[in-house]
Amino acid sequence: MLLPILFYPDKRLRTKAVPIKQVDDSIRTLVKNMFETMYDAPGIGLAATQVNHHIRLIVIDVSEDQSSPLCLINPEIIEKDGDLEWDEGCLSVPNYYECVTRANHIKVKALNEQGETFELAASDLLGVCIQHEIDHLDGILFVDYLSKLKQKRLLEKTKKAKQ
Ligand code: ZN
């Protein structure tokens with residue numbers, strides 16, 4: 001089932017998501033629908049926040065052929081190293097790309113769809129994507145890292161597009 005995506009500057013994107021207490025069938029159904037929504041968009045990452053579910057859950061697939069689905073429940077970055085600049089985009093901010101500096105290498109700890117803990121080391125696109133999606137769970141958008149002027153221009157562009 002495709003889920004409606006919230007678009008910037010929707011205030012619901014600013015909600016801080018709460019941890020998932022139990023990974024049950026309702027969570028697994030949401031994960032399935034989030035993958036479907038992300039692939040359909042198409043995108044390489046989607047946070048539950050973006051589909052108006054304010055729980056700590058993200059789905060990612062940075063492959064070109066939908067072969068590497070990755071689901072992170074209650075993700076936590078436990079190590080960060082180096083700097084990396086990347087041109088980022090977001091399904092909640094359509095047709096907009098800007099360079100953001102993130103950590104180059106990260107280690108993340110999370111639960112999988114079975115509720116089991118795992119750790120994952122990531123860098124480059126995957127690392128950037130994980131950091132971007134975890135930000136969503138904290139109500140942060142990549143545009144928040146841009147200059148005030150760029151943010152103002154983006155808001156004006158968004159308003160114009162709505163009219
Ligand atoms: Zn995003």
Residue within region 84-97 that is at negative phi, in contact with a Gly (Cβ under 7 Å, 6 or more places away or on another chain) and open to solvent by 60 Å² or more (accessible area, probe 1.4 Å) present: yes
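What residue, among those in region 108-151 that are in a helix (DSSP H, G or I) and of a type in the set (Lys, Arg), is least open to solvent (accessible area, probe 1.4 Å)?
This residue is Lys150.
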Residue list for region 14-39, filter: in a helix (DSSP H, G or I), in contact (Cβ under 8 Å) with a residue 12 or more places away in the chain and among the polar types (S, T, N, Q): Asn33, Thr37
Residues of region 43-76 satisfying the condition of being away from the ligand (no atom under 16 Å from the Cβ), part of a strand (DSSP E or B) and either closer than 13 Å to Asp124 by Cβ or open to solvent by 30 Å² or more (accessible area, probe 1.4 Å) (or both): Ile55, Asn74, Glu76
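Among Asp40, Asp24, which is away from the ligand (no atom under 15 Å from the Cβ), within 11 Å of Leu91 (Cβ to Cβ) and of a type outside the set (Phe, Trp, Tyr)?
The match here is Asp40.
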Region 87-105, residues that are hydrophobic (A, V, I, L, M, F, W, C) and within 13 Å of the ligand (Cβ to nearest atom): Cys90, Leu91, Val93, Val100
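The values are calculated or read from the model by the stated rules, or taken from the named source; none is laboratory data. Everything quoted here is computed from the prediction, not taken from an experiment. Cβ: placed from backbone, ideal geometry, glycine included. Neighbour counts: every protein chain shown. Remember, those area values only see protein heavy atoms, side chains included, never the ligands or the DNA or RNA. Shrake-Rupley method; radii C 1.70, N 1.55, O 1.52, S 1.80 Å.
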